[in-house]
Amino acid sequence: MAETETIKKVRVTLVKSPIGNTQRHKATVAALGLRRLNHSVEKVDTPQLRGMIYKVAHLVTVEEL
């Protein structure tokens with residue numbers, strides 16, 4: 001990675017409960033590191049992370065930092 005590049009980060013916040021969703025959605029929320037409602041985590045923006053967010057987009061909000 002070049003020194004001039006900055007690492008892009010995103011803040012993911014759980015805004016809706018995964019209760020009532022599939023086990024895969026619950027596991028994805030847990031893998032993102034989200035534990036309870038309104039809990040936020042900052043992650044490095046990667047294609048893998050974007051795929052996880054896409055799967056549970058109805059449960060989370062994403063803010064680019």
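We did not get these values from a lab; they are worked out from the coordinates using the rules stated. All values derive from a computational prediction rather than experimental measurement. Positions of Cβ are generated from backbone atoms using ideal geometry, with glycine treated the same way; all protein chains shown enter the neighbour counts.
A few comments on the model shown:
- Test: residue in the stretch 3-13 that is surrounded by 12 or more Cβ atoms within 10 Å (Cβ to Cβ), among the charged types (D, E, K, R) and within 14 Å of the chain's Cα centre (by Cα): yes
- Among residues of the stretch 36-65 that are more than 10 Å from V15 (Cα to Cα), those with a beta-carbon under 9 Å from a residue that is among the small types (G, A, S) and loosely packed, with under 13 Cβ neighbours inside 10 Å at least six positions away or on a different chain give the pairs M52/A31.
- Top-ranked residue of the stretch 30-64 - restricted to ones that are charged (D, E, K, R) and over 21 Å from I7 (Cβ atoms), ranked as surrounded by the fewest Cβ atoms within 10 Å (Cβ to Cβ): R36
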